[in-house]
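S.K.: Below you will find the structure I want to go over with you.
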Amino acid sequence: MTRSAEYLVVGHVEKPHGTRGEVAVRVLTDHPEGVFRPGAILRGSRDGRRPDPDFPPLRIDDVRTVPAGRLVFFGGVDDRDTAETLRGLDLMEHRDNLEPLAPGEVYLHDLEGLDVVDSTGVEIGSVMIVYDLQPAPLMEVRRPDGRTFMLPYRREFVPAVDLERGRLTVDPPDGLLDDEEGA
């Protein structure tokens, strides 16, 4: 069972920058040079799940790299007031326009909903959501009894991901899954 979304979040508009319509964008892709380039067209989203059909596509007219991400001019965004309307917007790109994944790589979005099993195949739960944090993404996993736990998405804890079968194998740290007294 392959899990895939048609559009993926590649950036987040933090705030307007200056008075001419430029916006500061936090980059959320490993390959920003292929996404944030003049002429690229991105879609806006307020929920980070799908493009907002009422929001027009955004064409990048100019982009500059800065330590915190990118400073971007979008076509038709010519002043600070218009740029302010983009604050908080997730920027999405069609997955077909993104760099191909290297072997063993997955989109974090594709982990959501996967079954979670241990190395012997025993069901532990399912991935509810993945938080893109540093130093590692963090998965929230719901156990069959409804309790949840957090597990870093790191090779030592997640040795295998099988998108075709819709599951990932975990090797959680000692004590993480021990039943709590009174829980």
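All of the numbers you see were taken from the coordinates with simple rules; none came from a lab. For clarity, every value in this text was computed on a predicted model and none was experimentally measured. Virtual Cβ from ideal backbone geometry, glycine too; neighbours counted across all protein chains shown.
S.K.: Taking the Cα centre of region 97-143 as origin, sum charge times position over the Cβ atoms of Lys and Arg (+1) and Asp and Glu (-1), and report the length of that vector in debye to the nearest 20.
M.R.: Working: 2 positive and 9 negative charges, 32 e Å.
Computed charge dipole of region 97-143: roughly 160 debye.
S.K.: Here is a further query. Which residue fluctuates the most in the chain, going by a Gaussian network model with Cα springs under 10 Å, if the choices are Gly113, Gly88, Gly18?
M.R.: Answer for the Gaussian network model of the chain: Gly18.
S.K.: Let me have the relative contact order for the chain, percent, based on Cα pairs under 8 Å that are six or more residues apart. All intermediate terms of the calculation are to be shown ahead of the outcome.
M.R.: Values: 370 pairs, mean separation 37.8, N = 183.
Across the chain, relative contact order equals 21 percent.
S.K.: I've got another one for you. So if the hydrodynamic radius of region 49-91 is defined as the Kirkwood radius over C-alpha pairs, what does Stokes-Einstein give as its diffusion coefficient at 4 °C and 1.567 mPa s, in µm² per second? If you can, show how the numbers build up before the last one.
M.R.: On the way: Rh = 11.7 Å.
Diffusion coefficient, whole number: 111 µm²/s.
S.K.: Also, quick follow-up: Grab the other residues whose beta carbon is less than 13 angstrom from that of Ser45, score K and R as +1, D and E as -1, and report the net.
M.R.: Details: positive: Arg43, Arg46, Arg49, Arg50; negative: Glu6, Asp47, Asp52, Asp54, Asp90, Glu93.
With Lys, Arg at +1 and Asp, Glu at -1, the neighbours total -2.
S.K.: For region 7-97, I need the span (max minus min coordinate) of the C-alpha atoms along each principal axis, in Å, sorted largest to smallest.
M.R.: 33, 29, 20
S.K.: Counting each DSSP H run of 4 or more residues in the chain as -39500 (n - 2.57), what helix-only mean residue ellipticity at 222 nm follows after dividing by all residues, to the nearest 500 deg cm²/dmol?
M.R.: Details: 2 runs with 9 residues, N = 183.
Calculated at 222 nm, the ellipticity per residue is -1000 deg cm²/dmol.
S.K.: Please state the relative contact order of region 7-97 as a whole percent: Cα pairs under 8 Å, 6+ residues apart?
M.R.: 43
S.K.: Give me the orientation-averaged projected area of the Cα convex hull of region 108-169, in nm², one decimal.
M.R.: Over every viewing direction, the Cα hull of region 108-169 projects on average to 3.9 nm².
S.K.: If contacts are Cα pairs under 8 angstrom and at least 6 residues apart, what is the relative contact order of region 108-169 in percent?
M.R.: On the way: 115 pairs, mean separation 18.7, N = 62.
Rounded, it is 30 percent for region 108-169.
S.K.: Would you kindly compute the Cα radius of gyration of the chain and its largest Cα-Cα separation (Dmax), both in Å?
M.R.: Calculated on Cα positions, Rg and Dmax stand at 19.2, 60 Å.
S.K.: Looking at region 1-94, which trypsin sites (Lys or Arg not before Pro) are in a loop (DSSP not H, G, I, E or B) and have at most 16 other Cβ atoms within 10 Å?
M.R.: On the way: sites: Arg3, Arg20, Arg26, Arg43, Arg46, Arg49, Arg59, Arg64, Arg70, Arg80, Arg87; in loops: Arg3, Arg20, Arg46, Arg49, Arg87.
Qualifying residues, ordered by number: Arg3, Arg20, Arg46, Arg49, Arg87.
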